[in-house]
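Engineer: Got a structure for you, questions after.
The values are calculated or read from the model by the stated rules, or taken from the named source; none is laboratory data. Since the model is a prediction, treat every value here as computed from it, not as a measurement. Note: ideal-geometry Cβ built from the backbone for every residue, glycine included; neighbour counts use all protein chains shown. Side chains included, ligands, DNA and RNA excluded: accessible areas come from the protein's heavy atoms. Shrake-Rupley method; radii C 1.70, N 1.55, O 1.52, S 1.80 Å.
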Amino acid sequence: MGSHSEIIEAGAPPEPHHMDSTTAYHAAKLGMWLFLATEILLFAALFAAFALYHWWYFDEFHHASEKLDWRLGALNTAVLLFSSYTAAVAVYAAQIGDNKRIVKNFGISVACGLIFLIIKAVEYSGKYAKGYFPGTDLWSDPNFAQSYKNYFGIYYCLTGLHALHVIIGMSVMIWVITKARKNRFSGRYYTPVELGALYWHLVDLIWIYLFPLLYLIG
Amino acid sequence: MGGHQVVPDANGHLKENNYLNCDKSIKSWLLTLDHKRIAILYLVSILSFFFVGGISALIMRSHLAMPQAQVISPDLYNALFTLHGVLMIFLFIVPGIPATMGNFLLPLMIGAKDVAFPRLNLFSYYIYVVGALIGFVAIINPVWLIDYLQGMAQGVWNPLDTGWTFYTPYSTSTGAGEGWGVILMTFAAFVLGFSSILTGLNFIVTIHKLRAPGMNWMRLPVLVWGLYATSVIQTLATPVVGITLILLIVERVLGIGIFDPAKGGDPVLYQHFFWFYSHPVVYIMVLPAFGVVGEIIPVMSRKPIFGYKAVVFASIGIAAVAFIVWAHHMFTSGMSAFSAAIFSALTFGVAVPTAVKVFNWVSTMYKGSIRFDSAMLYAMAFVFLFMIAGTTGVYLAVLGVDIYYHDTYFVVAHFHYTIQGGAVIGLIAALHFWFPKMFGKFYNEGWAKFSFWLLFFGFNLTFLPQFVLGMEGMPRRYYDYLPEFSSMHQLSTVGAFFNGLGYTLALLNLTTSAIWGKRLAPSNPYNSLGLEWQCPSPPPHDNFITPPVVTSGSYDYGYPIEERSKA
Amino acid sequence: MFRFLPEQASTIAPEVDFLNNLITDLSVFFTVAIVGSMLYFAWKYRRRNGVDHPTPRIEGSHTLEIIWTAVPTAVCIFLGWAGIVVYNDMKHVPENAMTINVTGWKWAWEFQYQNGKKSGGQGAELVVPVNQPIKLVMTSRDVLHSFFIPAMRVKQDVVPGKYSYVSFTPVKTGLYDVYCTEYCGTRHSYMLAKVRVVSAEEFEAWISHDPTEGLAPSDLGKQLYTSLGCNACHSLADGVRLVGPSFYKSFGREGKLSDGSNYSADENYIRESILNPNIKLVDGYAANLMPSFDGRLDESQLNALIAFIKAQDGSAPPAPAVNISLGDEEEDLSKLSPKERGEKLYSAKACIGCHTLDGSNLVGPTFKGSYGSKRELQDGSSVTVDDAYITESILQPMTKVAKGFAPAMPPYEGQLSESEVKDLIEFIKTVK
């Protein structure tokens, strides 16, 4: 069990005691893909609930989705798509060992994540002002439930859970940035950059499904 | 600590520098990255919860010894079966064999030094501990506890009373624990699910990436296949129940209405989501136990496992079908006759591979040289108990008959045969079988056999009468019952105490032998061909002294059939 | 072997039992065969004297694998198909079926017939004629329940916000148990009912006998006023305010609502207040105390209640504040012990609606074991439940409300005599 406190040569992969570094890279990647599968299943239940109720309450859901501002949703889609692009650039930068470019591109992705959250907050506060928000008087009014069924309930669950994932993804990228600033990555070792970017792509992908479902076809 | 000398004696017993004693500090145990030590940590934890869950069952059985008994209040009874279910399912048997025996054996069986992500492994354990703590707080009702600590708790103690299934709208409306009970408990189950996901993920990657040279897929021991199938279910099904339980919390806190009929929600949808996980979870419990039996019988009979490929594909088949049969828990929920018929038919898709496995185990014993160590007794008991579990499962798969048995004691008896008779007996069998490897010592065989017979007798006395009760129409989760059910309830109560005593003695025997036992075990006491027996007992930190290269299967016992004439 | 199913009382029962018994026989056969061969192998091939004998390396047999995959598959296909057939018969509702509405709530069933006749409450009886197909259309007022009649071999979950149905044709007269089989809380195991199967003539006599027949609407309303428990919160006396407004001269009353608007108590207002009590609250009264009676009353009952409230116009002789007689037949109460009188008061004064005797807490704390116990109050202090405390809690309930309970009880000051309070205390003492 070799001690890890020795000074690691910049850009060299860590040497775990129980496998070689190539195996470690492939193992980490497989692990990440499995984790992404669990994330998709986490959302799957909510998508299933949405599909079921959309089918049952077609009119109410249609009516309710018109209360959302599709322009804000579209803007957020663009922001996330761009951030996914910069995340992919960061992986390329890591493969050629350009730590500065990792910092720059992941930095942009994190900033985009922040913009996304701010726009989301604007949307939420707009709803709150109109009373379509848990805890308001309108929310507990039976007539409100009759006219929109549980559309807004599902809306907040889906977007709230997604926003949580945005925050997690941003934290992961910030952690990778701190490592990249110390020139930790090289063409021989860039696993965290790749996995972080993979996670961010998932966050983006889920939003790409959420946007049309919630805002457009409603 | 690279300087440790690993020198086993001639029998393969490793007295110094094995994984148990290479570093004795508390910290080295609590922060260990060694899969074997993590296995021991899990073992101690889950057996403690098993004990508490067992006590709660005994209190319930004592109460049920007489009709119109007032031993405990109805609310306490409801809290006890909730406690029993939650502890036994989420804290004991779901981690059960995978987190203990799986953690210990998986790297040994495939010739690896550790699981793929040792730190993640330790992290899973601590998530499990955190989940368990939250669960305990939830069950004992925090508001009441705070009052109690301030010396002002009289009045009503209303602990969590939803049952382990948390069905809405009961769970979203019950006042138990001032509402916090359900919120905390479902959150605890979510956290525990996370631990389960990470363990499964770790195992899958380990099996894919860390097999020793020559250990190809068709040479993997059947226990590894069982763990693999289990891990797939753990990884794919658990997130669904995770989000469902979170929705339950959000439902209670924000009133979002996904399961609330007043807002257009559907309580039956909750059941679909819940069983999408909670049916496959049965296979999380029992597939590793199948694997354990598949290991014990060949070694104890000195025969290759009969139909290795059939056994392996049966495991994979069960895991696959497990995902599409959940709604057979809901035949009375008002689903359409068409979907009920589909789910009934799919359910039989599980019955066939299970039957195939049983035939293969029994055939393995044919023309063997069979020794009756207590591990073998447990394995044979498993086959018997699982036959009963399986055949009574047929009643519940047959649509017209299930309607009658749904939510009666018949179901209670059936799943206890499956889970206790299957998964728990499997775990106990595994503990006895691999005990010499884990601790480098032998347990007292006489006590082991005595406690086996005690718990086997007690188990059947507890649950056979419950089949009769179910046939007579006795519903489950009943605090009180009509006098005509008395005699069967009394038999069951008596049996429960024998059963509990049997487990206590068996585990005491193992514990005392592990700590104070004098008879040292060699590396391979059963002359097994399994890779895990080829390293010293107890194994050193990195398992194998020289990295193994596998050249033959794990079950090549006996002389080849062409050479029969020479024998 | 192993025949434990109860009496067969419906047309579907023999079908279910046939299939059940077939599975039992097959299960016993396979279990004995497999476990038997395991035990035989274990004995025949046991290791002798601690020494292994040579064993052949048999790795499998395709023939055997095919056989023992095919045979269980065939058995399973047959059983699965038979199960679906029986299930379809079970769910099939004959065209001449008699529909009865069933409502479940914590913890009782109510049955309502097409002519409006109802029977409900704990231990309620579902009376049905023999050989007549029955369809029960069921729903729940609160949580999930499940309606199970073992003798008829039918069971169906009862879901709030939805209707589910169950159908059966009874073939034998008699009395059969009904259980709730979906866990529903404290008194789940007492949520029992009975099915009484009677001859067609008896059923005709029973269904056409209406205990409320011939009553003037206001008299029916008076019955409902007590049986629904309105009396616990609405007095009939001038100026006696319980939890809700008094009914005395309430019809046509005008005033302010809690939102500041005006109301006039006409028929529509009373109707709405019964069905949706929290929408238009009279100023000064608390919300969320009165349960909605939406779905629990039919039109004639609503009309009767409104007629009864109209009749409280002051023309009748002044009513006592809480207007309940101690049972229909006049009894000489003085002959009873204080405890027995207390017990009568317990039901007559509607204490029964909120305080149980079995240890479960409804609106108010249970009486079981209460006397002599310590109780924590809302203000954090605590008291011992003694004569003085009970007396005060009956007459002025708001002054010392037990922790965890809403201040919902009406004051009985002036409505119970001193001796009646004592009788009640005697009764409470005996509930242990």
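Engineer: Can you send over the carbon and sulfur percentage of the accessible area for segment C:78-175, probe radius 1.4 Å, protein chains only?
Structural biologist: Percent of accessible area from carbon and sulfur atoms in segment C:78-175: 52.
Engineer: Would you jot down the residues in segment C:170-193 that end up with at least 30 Å² less accessible area in the complete protein assembly than in the chain alone, with a 1.4 Å probe?
Structural biologist: C:Tyr179, C:Thr181, C:Glu182, C:Tyr183, C:Thr186, C:His188, C:Ser189, C:Tyr190
Engineer: Which shape class, rounded, prolate or oblate, goes with the protein assembly as shown when its Cα gyration tensor gives a ≥ b ≥ c as root eigenvalues, a/c under 1.5 marks rounded, and past that a/b bigger than b/c marks prolate? Mind showing how you got there, number by number?
Structural biologist: Working: a/c = 2.01, a/b = 1.49, b/c = 1.35.
Because a/c hits 1.5 or more and a/b exceeds b/c, the protein assembly as shown counts as prolate.
Engineer: Looking only at chymotrypsin sites (Phe, Trp or Tyr not before Pro) in DSSP loops with at most 14 other Cβ atoms within 10 Å, what is the longest site-free stretch of chain C?
Structural biologist: Working: sites that count: C:Phe2, C:Tyr163.
Answer - C:164-432.
Engineer: Taking amide H atoms as placed 1.01 Å from N in the peptide plane, list the residues 5 or more away in sequence, or in a different chain, whose amide H sits under 5 Å from that of C:Arg57.
Structural biologist: B:Tyr559, B:Ile561
Engineer: Let me ask something else about it. Which helices, counted as full DSSP H runs in chain B, have an axial Cα extent of no less than 24 Å and a Kyte-Doolittle average of 1.0 or above? Mind dumping the intermediate values first?
Structural biologist: On the way: long enough: B:35-63 (42 Å, 1.22); B:118-140 (34 Å, 1.57); B:180-209 (43 Å, 1.54); B:222-254 (47 Å, 1.75); B:280-301 (31 Å, 1.80); B:337-365 (44 Å, 1.32); B:374-397 (33 Å, 1.74); B:445-472 (41 Å, 0.80); B:486-516 (45 Å, 0.69).
In chain B, the long hydrophobic H runs are B:35-63, B:118-140, B:180-209, B:222-254, B:280-301, B:337-365, B:374-397.
Engineer: What is the distance in Å between the Cα centroid of segment B:376-392 and that of segment C:152-188?
Structural biologist: 34
Engineer: Using a Förster distance of 35 Å, how high is the FRET efficiency between B:Tyr126 and A:Arg181, based on the Cβ-Cβ distance and rounded to 0.05? The partial results should precede the final answer.
Structural biologist: Details: r = 30 Å, r/R0 = 0.85.
Efficiency, rounded to the nearest 0.05: 0.75.
Engineer: C:Lys339 to C:Leu22: extension gain in nm, 0.36 nm per residue of separation minus the Cα-Cα distance? Mind showing how you got there, number by number?
Structural biologist: On the way: separation 317, 0.36 × 317 = 114.12 nm, distance 5.74 nm.
In short, 108.4 nm is gained.
Engineer: Follow-up question, since we're still on this one. Can you give me the angle between helix A:151-181 and the longest principal axis of chain A, using Cα atoms only, in degrees from 0 to 90, rounded to the nearest 10?
Structural biologist: Helix A:151-181 and the main axis of chain A meet at about 20 degrees.
Engineer: Once you put a point 7 Å from the Cα of C:His92 and another 7 Å from the Cα of A:Ile217, both along the Cβ direction, what distance in nm separates them?
Structural biologist: Spacing of the two 7 Å Cα→Cβ label points: 4.0 nm.
Engineer: For the protein assembly as shown, what is the accessible area per residue in Å², given a 1.4 Å probe and the full set of protein chains?
Structural biologist: Each residue of the protein assembly as shown exposes 40 Å² on average to a 1.4 Å probe.
Engineer: I'd like the FRET efficiency for C:Val383 and C:Leu275, computed as 1/(1 + (r/R0)^6) with the beta carbon distance as r and R0 of 35 Å, rounded to 0.05. List each step's numbers first, then the result.
Structural biologist: Details: r = 39 Å, r/R0 = 1.12.
Given R0 = 35 Å and the Cβ-Cβ separation, E is 0.35.
Engineer: Return the distance in nm (one decimal) between the two label points of a simple spin-label model at C:Ile66 and C:Lys194, each offset 7 Å from Cα along Cα→Cβ.
Structural biologist: Here the modelled spin labels are 6.2 nm apart.
Engineer: Let's test the formula: R0 of 30 Å, r as the Cβ-Cβ distance of A:His17 and B:Lys15. What FRET efficiency results, to the nearest 0.05? If you can, show how the numbers build up before the last one.
Structural biologist: Details: r = 23 Å, r/R0 = 0.77.
Efficiency at R0 = 30 Å is approximately 0.80.
Engineer: Also, quick follow-up: Please identify the longest segment of chain B free of exposed trypsin sites (Lys or Arg not before Pro), where exposed means a DSSP state other than H, G, I, E or B and no more than 12 other Cβ atoms within 10 Å.
Structural biologist: On the way: sites that count: B:Lys24, B:Lys518, B:Arg519.
Counting only loop sites that pass the neighbour cut-off, the longest clear stretch is B:25-517.
Engineer: Could I ask something else about it? In square angstrom and rounded to 100, what buried accessible area do you get between chains C and B, total over both, with the probe at 1.4 Å?
Structural biologist: Working: alone 24790 and 22610 Å², together 39670 Å².
When C and B are taken together, about 7700 Å² of accessible area is lost.
Engineer: Another question about this same structure. Which stretch or stretches of segment B:31-68 have amide N atoms under 17 Å from the point lying 7 Å from B:Thr504's Cα along the Cα→Cβ direction?
Structural biologist: Answer for segment B:31-68: B:47-63.
Engineer: Still on this structure, please answer the following. With a length cut of 24 Å (Cα positions projected on each helix's long axis) and a Kyte-Doolittle mean of at least 1.6, go through chain C and give me the DSSP H helices that pass.
Structural biologist: The qualifying helices: there are none.
Engineer: Once you order the gyration tensor axes a ≥ b ≥ c over the Cα atoms, which shape class does segment B:70-151 get: rounded for a/c under 1.5, otherwise prolate or oblate by comparing a/b with b/c? Show your work: numbers first, answer last.
Structural biologist: Working: a/c = 5.69, a/b = 2.19, b/c = 2.59.
Oblate is the answer for segment B:70-151, as a/c is 1.5 or above yet b/c matches or exceeds a/b.
Engineer: Name the residues whose placed amide hydrogens come within less than 5 Å of the amide hydrogen of C:Ile134, ignoring near sequence neighbours (fewer than 5 apart) on the same chain.
Structural biologist: C:Met98, C:Phe168, C:Thr169
Engineer: Name the residues of segment C:247-268 whose amide N is less than 15 Å from a point 7 angstrom out from the Cα of A:Asp141 along the C-beta direction?
Structural biologist: C:259
Engineer: What is the spin-label model distance, in nm, from C:Thr31 to B:Leu58 if the labels are put 7 Å beyond Cα along the C-beta direction?
Structural biologist: Taking the simple label geometry, C:Thr31 and B:Leu58 are separated by 2.7 nm.
Engineer: Here's another thing I want to ask about it. Of C:Ile134, B:Ile249, which has the most accessible area with a 1.4 Å probe, and how do the rest follow in descending order?
Structural biologist: On the way: C:Ile134 0, B:Ile249 25 Å².
Of C:Ile134, B:Ile249, the descending order of accessible area is B:Ile249, C:Ile134.
Engineer: Let me ask something else. Based solely on its DSSP helices, what 222 nm [θ] is calculated for chain B when runs of n ≥ 4 H residues each add -39,500 (n - 2.57) and the sum is averaged over all residues, nearest 500 deg cm²/dmol? Could the numbers behind the result be given before it?
Structural biologist: Details: 19 runs with 346 residues, N = 567.
Mean residue ellipticity, 222 nm, calculated: -20500 deg cm²/dmol.
Engineer: Considering only protein heavy atoms and a 1.4 Å probe, what is the carbon-and-sulfur percentage of the accessible area of segment A:46-215?
Structural biologist: Working: 4980 of 7540 Å².
Roughly 66 percent, rounded to a whole number.
Engineer: I'd like the antiparallel share, as a percent to the nearest 5, of DSSP beta bridges with both residues in the protein assembly as shown. Write down the numbers at each step before the final one.
Structural biologist: Working: 41 of 58 bridges.
Looking only at bridges with both residues in the protein assembly as shown, the antiparallel portion is about 70 percent.
Engineer: Now, a different point. Residues of segment C:165-206 with amide nitrogen under 17 Å from the 7 Å Cα-to-Cβ point of C:Asn115?
Structural biologist: Counting backbone N atoms under 17 Å from the label point, the list is C:198-206.
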